[in-house]
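J.: Questions regarding the structure given below will be posed in turn.
The values are calculated or read from the model by the stated rules, or taken from the named source; none is laboratory data. The structure presented is a predicted model; accordingly, all values stated were derived computationally and were not measured. No Cβ is skipped: glycine too gets one built from the backbone with ideal geometry, and neighbour counts run over all protein chains shown. Accessible surface is based on the protein model in full, side chains and every heavy atom, while ligands, DNA and RNA are left aside. Shrake-Rupley method; radii C 1.70, N 1.55, O 1.52, S 1.80 Å.
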Amino acid sequence: MVLAQILLNGILLGGLYGLMALGMALVWGVLNIVNLAHGALIMLGGYVVYYIFVFTGLDPFAAIAVAMVIMFGVGFLLQYGLLNLIVRSALLNTLLITFGLDVVITYLAQFLFTADFRTINPSYAGANFSAFGLTVPGIRFAAFVVAIALAAALWWLLNRRPLGLAIRATSQNLVAARLYGVDPRILYAVTFGIGTALAGAAGGLYGMIANLTPYIGASLTAKSFVIAIIGGLTNPFNVILGGIVVGIAESLATLYFGATYSDVVSFGLLVLVLVVRPTRTLRAA
Amino acid sequence: MNEVANVAPQAKTIMEARGITKRFQGLVSVDKVSFSLAENEILGLIGPNGAGKTTLVNMIGGTLKPNEGDLLFEGERINDVSPYRRAHLGIARTFQIMKPFPGMSVLENVAVGALFGRDGGEKSMAKAREIAREWITFTGLGQRMDAHADALGGPDRKRLEFAKALAMGPKLLLLDEVMAGLNHVEVDEMVELIKKIRARGVTLLVIEHVIKAIRSLSDRVMVLHHGERIAEGDPALVLADPRVVEAYLGKRRT
Amino acid sequence: MMGRWPLVLAVLVAIVLAGVPWFGNDVAVQFGINALLLATLAQSWNILGGFTGYVSFGNSVFYGLGTYGTAVAMTHFNLPFGVGLVVGAVVAMLCAALVGIPILRLRGPYFAIATLGLNGAMAAIVSNLPIAGSNIGLVLPLMRGDAIFYELALALLVVCTLTVLWISSSRYGMALVAIREDEDAAGSMGVNATLYKVTALVLSALFTAIAGGIHAYWSTFVDPASAFDTTLNVRMVIMCVFGGPGTVFGPVVGSFILSAVYEVLASEISTAAVLFFGLVIVLAVVFTPKGLTDLMAGARRSGWRYLFRNIRENRL
């Protein structure tokens, strides 16, 4: 029974992890940018939701919708004004510039929001319900549902809408994008904006489950990366599945080794996945 | 399968393939191909695009592993030998998509071959540079010694590929379409160069689409079609073989 | 390749630097220790990142192992400082060899992120080890004498730079550069890529760990957060890339300049120095993606237009 509960916790947490990785996988797959500031953007989204909730009293789940619009704008501007300048540069440079962004965002967050722990704490935060003899924490369950819904929305956008087709065509080659009559610079910015909006949503949900501090970015980036690799860069549902794999592994590791080892688990999984099937993952890049 | 027209019996075999097969996700690229190379021989390898020629070269060079069959070099099985150790054994190759080291000068590019080639290469930098200079002059690149590799034009890049491979001191040299995109004069120069290389005692496996060059170079010709060996032997006979004409030359004319 | 005057200039600079403890004040010496150690880290990173093109965000692991190796040897086993340094270096090199063999099979961003994850994993492991003081850290015996630490740091930087100088003109270095330029082609030409990559990582770990050990004894305190600090890692990367990766003196010049600017900013606007650092990375990547060395050559040819040519080349 304990094991079943642990598995359930892992799956619920994993849905959120998958949502974290969704934006990174999208940006990586389409723009070929491995965004090392992705975790910092998740963190930023978390604070945006937190402040909307605190100052307006808006329900956190509604606040997430607002935050996604704001984060879309942030991402759009970042790509349009800055990253578009270097997308054709060497890999090291895209890694470095996004790492630089990570440092800048983390610092600004520490300056604006202070280093104190913050939690998004609506009145119903502690609500649980039970099913099949297991305790289901309400917030986590809701976060899981939101994650699946956003993955489905992304899938629908990419596969059923002209914009999504243009985005997918861009990931194949740039000339194709022009055939859709879209300026690739705008298309890149929109794609990065969508990725950032998804990161923002993930941040909001994260803030309801765990503590927000300005320093969570780096480990969330690493986690998102692991999941993006396990799940692949093309299908949103596979990314969510990748998140669930990592969520379960972390929950099991916490049970058997203790909570401090969760980073070790991510890294172990990462190396395992990369080393065991390098050709397949390399081709995806 | 037709009878193999063997070369003179006294010639020593340097390399042998026994029924090697390569599949990519169910598609057979090279299908149970057997052949042997005698020392100091030039074997021409022809076939339509997608016949498996480059796959075959990649298996000999070691960047791909055959699914079945054995590769022997000087009597030793080399299926599981990594590419760099094959280079130490004396196998060198050129790439169809040429791969100079773009940030290095011509001299440095070729020196890498001398430093790490056969038997692990030359240990002294000065000696390696000397060897490199020799081969650069040999291939006719003497004027471009200090030029950056990515500043070279097409034909010079091919010469650079040659010089890099030759500086490794190979016993067996695999040439993957070194004449593609060259004009008549340049093809003739390349043919002369290959003959000069053979005169130094090197064995060559030459993949080529330029039939004229194959005819004048090869001691024997082998034809691949859909991964299978469909003919092998004297160039004049093979190139006149109706099956070859149909599979390869015929296809070209349409 | 390289003319004689940079070497002469470098020797002169080293001699002048060696004299700083005699005519400089305490502040200058303390700034010097930090700057020299950072330059050593940038130069160590250069061995792998600059020459083979493998971007490591995990060199802070070797720094951390160096600090902890030294600290544990000195506090738990009462070993002298010199032995402590050796212990730290050996542990770091072993780790580099063991981890390097699997993760150096990865290329591009995969390698970079694997090293990033390695840092997190190692920090977590060390903060759970009682012998390493868990997440509290260790206090080392106190030794006064900034001048000694200064000269040690300078000597380490000189040795590290000499090593890079040797690499740049040796058969070994040719292998590393060939791997950077095209690993598959290098393999087909007889370069045992795994051997060279792993030894480059081990060499890099050696100097990084010793720098960590010196810093540990100097600051008399180590804890997981500062020992396995990813921003330290970004610093070494940016200092090296800013100066010119794959060159002999670029990383040293780059880190001296950035350390000086950082120090000035830190005293003027204190905490915003970190922000500045992030901004420098962003601007450097946009305007001088190939480092100072290329900037100097390019600026001589085309002046200010050099900066914008870089943007034109890399933008969408």
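J.: Once amide H atoms are built 1.01 Å from N in the peptide plane, which residues 5 or more positions from B:Glu68, or in another chain, come under 5 Å H to H?
T.: Those qualifying (amide H under 5 Å, at least 5 residues apart or on another chain) are B:Thr21.
J.: Have a look at A:Leu150, A:Leu16, A:Leu44 and tell me which one the Gaussian network model of chain A (Cα, springs below 10 Å) gives the largest fluctuation.
T.: Of A:Leu150, A:Leu16, A:Leu44, the Gaussian network model singles out A:Leu150 as fluctuating most.
J.: Mind checking which lysines have their Cα closer than 17 Å to the Cα of B:Lys32? Skip sequence neighbours fewer than 8 apart in that chain.
T.: Filter leaves B:Lys22, B:Lys53, B:Lys65.
J.: P(r) of the range C:206-253 in 10 Å steps, Cα pairs, percent per bin?
T.: 24, 45, 27, 4
J.: Give me the compactness ratio for chain A, meaning the Cα radius of gyration over 2.2 N^0.38 Å. Write out the running numbers ahead of the final one.
T.: Details: Rg = 18.3 Å, N = 285, 2.2 N^0.38 = 18.8 Å.
The value comes to 0.97.
J.: Accessible area per residue for chain A in Å², computed with a 1.4 Å probe and the full protein assembly in place, what is it?
T.: Values: 11370 Å² over 285 residues.
Ligands and nucleic acids excluded, the figure is 40 Å² per residue.
J.: Could you compute how much accessible area chains A and C hide from each other, both sides summed, with a 1.4 Å probe? Nearest 100 Å² is fine.
T.: Details: alone 13300 and 15520 Å², together 24910 Å².
Chain pair A/C: roughly 3900 Å² of buried accessible area.
J.: Still on this structure, please answer the following. Over the range B:100-170, what is the relative contact order in percent, taking alpha-carbon pairs closer than 8 angstrom and at least six residues apart? Provide the component values of the computation, followed by the final result.
T.: Values: 111 pairs, mean separation 34.3, N = 71.
RCO, the range B:100-170: 48 percent.
J.: Would you calculate a helix-derived [θ] at 222 nm for chain A, using -39,500 (n - 2.57) for each DSSP H run of n ≥ 4 and dividing by the full residue count, to the nearest 500? Mind dumping the intermediate values first?
T.: Details: 12 runs with 219 residues, N = 285.
Taken over chain A, the calculation gives -26000 deg cm²/dmol.
J.: Each residue of the range A:188-202 in turn: what ³J(HN,Hα) in whole Hz from Karplus with 6.51, -1.76, 1.60 and θ = phi - 60°, glycine and Pro shown as x?
T.: In residue order, the calculated couplings are 4, 5, 5, 4, 5, x, 4, x, 6, 4, 5, 4, x, 4, 4 Hz.
J.: Using only atoms on other chains, find how many Cβ atoms lie within 10 Å of each Cβ of peptide C:91-99 and report the average. Walk me through the numbers before you get to the answer.
T.: Details: counts 0, 0, 0, 0, 0, 0, 0, 0, 1.
Taking the mean over all residues of the peptide, I get 0.
J.: Can you list the residues in the range C:47-65 whose accessible area drops by at least 10 Å² when all protein chains are present, compared with the chain alone? Use a 1.4 Å probe, heavy atoms only.
T.: C:Val55, C:Phe57
J.: Another question about this same structure. What do the square roots of 5 times the Cα gyration tensor eigenvalues come to for the range C:24-230, in whole Å, largest first, as semi-axes of the equivalent ellipsoid? Working shown, then result.
T.: Numbers: eigenvalues 182, 81, 34 Å².
Each semi-axis is the square root of five times an eigenvalue, giving 30, 20, 13 Å.
J.: In Å, the Kirkwood hydrodynamic radius of the protein assembly as shown over pairs of distinct alpha carbons?
T.: 29.7 Å
J.: While we're looking at this one, here's another question. Starting with the highest mean, order B:105-111, B:216-222 by the number of other Cβ atoms within 10 Å, averaged over the residues of each peptide. Can you show the working numbers first?
T.: Details: B:105-111: 25.3, B:216-222: 21.6.
Going from most to least packed, we get B:105-111, B:216-222.
J.: Next up: What do you get when you divide the Cα radius of gyration of the range A:1-113 by 2.2 N^0.38 Å, with N the number of residues?
T.: Working: Rg = 16.5 Å, N = 113, 2.2 N^0.38 = 13.3 Å.
Relative to the 2.2 N^0.38 Å estimate, the range A:1-113 comes out at 1.25.
J.: Related question: How much of the DSSP beta bridge set in the range B:170-254 is antiparallel, as a percent to the nearest 5?
T.: Numbers: 5 of 10 bridges.
Percent antiparallel among DSSP bridges in the range B:170-254 is about 50.
J.: A follow-up question, please. With the crude spin-label approximation of a point 7 Å out along Cα→Cβ, what separation in nm comes out for C:Arg300 versus A:Leu165?
T.: Each label point is offset 7 Å from its Cα along the Cβ direction, giving 5.5 nm.
J.: OK, next. Can you work out the FRET efficiency for the pair C:Ser169 and C:Ser219, with r the C-beta to C-beta distance and R0 = 35 Å, to the nearest 0.05? Can you show the working numbers first?
T.: Numbers: r = 36 Å, r/R0 = 1.03.
The pair C:Ser169/C:Ser219 has a calculated efficiency of 0.45.
J.: Same structure, new question: Relative to 2.2 N^0.38 Å, what does the C-alpha radius of gyration of chain B come to as a ratio? Two decimals please. Mind dumping the intermediate values first?
T.: Details: Rg = 17.8 Å, N = 254, 2.2 N^0.38 = 18.0 Å.
My calculation over the Cα atoms of chain B gives 0.99.
J.: Can you work out the PRE-style zone for B:Asp146? Point 7 Å along Cα to Cβ, and I want the residues of the range B:107-135 with backbone N under 19 Å.
T.: Those under the cut-off are B:107-112, B:126-135.
J.: Tell me the relative contact order for chain A as a rounded percent, counting alpha carbon contacts under 8 Å between residues six or more apart. Can you show the working numbers first?
T.: Working: 482 pairs, mean separation 118.0, N = 285.
It rounds to 41 percent for chain A.
J.: Can you list the residues, at least 5 places off or on another chain, whose amide H is less than 5 Å from the amide H of B:Ser29, using H built in the peptide plane?
T.: Long-range HN contacts for B:Ser29: B:Lys22, B:Arg23, B:Phe24.
J.: Also: Would you mind getting me the FRET efficiency between A:Ala127 and A:Met1? Use the beta-carbon distance for r and R0 = 25 Å, nearest 0.05. The partial results should precede the final answer.
T.: On the way: r = 22 Å, r/R0 = 0.86.
For R0 = 25 Å, the calculated efficiency reads 0.70.
J.: List the residues of the range C:283-316 that lose 10 Å² or more of accessible area once all protein chains are present, compared with their chain alone (1.4 Å probe, heavy atoms only, no ligands or nucleic acids).
T.: Listed in order, they are C:Val285, C:Val286, C:Pro289, C:Ile311, C:Glu313, C:Asn314, C:Arg315, C:Leu316.
J.: How much net charge surrounds A:Gly10 when only the other residues with a Cβ under 14 Å from the Cβ of A:Gly10 are counted, with Lys and Arg +1 and Asp and Glu -1? Don't skip to the answer; put the middle values down first.
T.: On the way: positive: A:Arg140, A:Lys223; negative: A:Glu250.
Net charge around A:Gly10: +1.
J.: Over both sides of the B-C contact, add up the buried accessible area with a 1.4 Å probe and give it to the nearest 100 Å².
T.: Details: alone 12000 and 15520 Å², together 25620 Å².
Counting protein atoms only, the buried area is about 1900 Å².
J.: Report P(r) for the range C:1-58: all Cα-Cα distances, bin width 5 Å, range 0 to the bin holding the largest distance, values in whole percent.
T.: Whole-percent P(r) values from 0 Å outward: 4, 15, 16, 18, 19, 13, 11, 3, 0.
J.: Right, something else. In straight Cα distance, which lysines are under 20 Å from B:Lys123, not counting same-chain residues fewer than 8 positions off?
T.: B:Lys164, B:Lys171, C:Lys197
J.: How much of the calculated P(r) for the range B:100-170 lies past 20 Å, in percent of all Cα pairs?
T.: Numbers: 403 of 2485 pairs.
More than 20 Å apart: 16 percent of the Cα pairs in the range B:100-170.
J.: Continuing with the same structure: Could you tally the net charge around B:Arg157, taking each other residue with its Cβ under 11 Å from the Cβ of B:Arg157, Lys/Arg +1 and Asp/Glu -1? Numbers along the way, then the final one.
T.: Working: positive: B:Lys99, B:Arg144, B:Lys158, B:Arg159, B:Lys164; negative: B:Asp150, B:Asp156, B:Glu161.
Every neighbour counted, the sum reads +2.
J.: In the protein assembly as shown, with Lys and Arg counted as +1 and Asp and Glu as -1 at Cβ, which of these residues, B:Val210, A:Ala201, C:Gln30, has the Cα nearest the positive end of the dipole, that is, farthest along it?
T.: Going by the Cα projections, it comes out as B:Val210.
J.: Turning to a different aspect of this structure: Which value, in debye to the nearest 20, describes the size of the charge dipole of the range C:24-230 about its Cα centre when Lys and Arg Cβ atoms bear +1, Asp and Glu Cβ atoms bear -1, and nothing else is charged? Intermediate values should be presented prior to the final figure.
T.: Numbers: 6 positive and 9 negative charges, 62 e Å.
Using only the charged Cβ atoms, the result is roughly 300 debye.
J.: Distance in nm between label sites at B:Glu192 and C:Arg309, each 7 Å beyond Cα in the beta-carbon direction?
T.: Between B:Glu192 and C:Arg309, the label points sit 3.8 nm apart.
J.: Still on this model: Probe radius 1.4 Å, ligands and nucleic acids ignored: give me the carbon and sulfur share of the accessible area of the range B:184-254 as a rounded percent. Please report the intermediate quantities before stating the final value.
T.: Details: 1880 of 3410 Å².
Ligands and nucleic acids excluded, carbon and sulfur reach 55 percent.
J.: Given a Förster distance of 45 Å, report the FRET efficiency between C:Val159 and C:Leu283 from their Cβ-Cβ distance, rounded to the nearest 0.05.
T.: Details: r = 32 Å, r/R0 = 0.72.
E(calc), rounded to 0.05, equals 0.90.
J.: Considering amide H positions built from the backbone, and no H for Pro or chain starts, which residues 5 or more places from B:Ile14, or on another chain, come under 5 Å of its amide H?
T.: B:Leu37, B:Ala38, B:Glu39
J.: With θ set to phi - 60°, apply the Karplus curve 6.51 cos²θ - 1.76 cosθ + 1.60 along the range A:216-230 and write out the HN-Hα couplings as whole Hz, x wherever there is a Gly or Pro.
T.: Values per residue, Gly and Pro as x: 7, x, 4, 6, 6, 4, 4, 4, 4, 5, 4, 5, 4, 6, 5 Hz.
J.: Could you sort C:Glu183, C:Glu313 by their accessible area in this structure, using a 1.4 Å probe and putting the largest first? Don't skip to the answer; put the middle values down first.
T.: Values: C:Glu183 30, C:Glu313 85 Å².
Greatest to least solvent exposure: C:Glu313, C:Glu183.
J.: For the range C:145-298, what is the accessible area per residue in Å² when the probe is 1.4 Å? Mind showing how you got there, number by number?
T.: Values: 4970 Å² over 154 residues.
Accessible area per residue, the range C:145-298: 32 Å².
J.: Please report the antiparallel percentage of the DSSP beta bridges confined to the protein assembly as shown, to the nearest 5. Don't jump to the answer; show the numbers that get you there.
T.: Details: 28 of 44 bridges.
Taking every DSSP beta bridge within the protein assembly as shown, about 65 percent pair in antiparallel fashion.
J.: Across the Cα atoms of the range C:1-123, what radius of gyration and what greatest pairwise Cα-Cα distance (Dmax) are found, in Å?
T.: 17.8, 49
J.: With Kirkwood's inverse mean 1/r over C-alpha pairs for Rh, give me the Rg to Rh ratio of the range C:148-234, two decimals please.
T.: Rounded to two decimals, Rg over Rh is 1.09.
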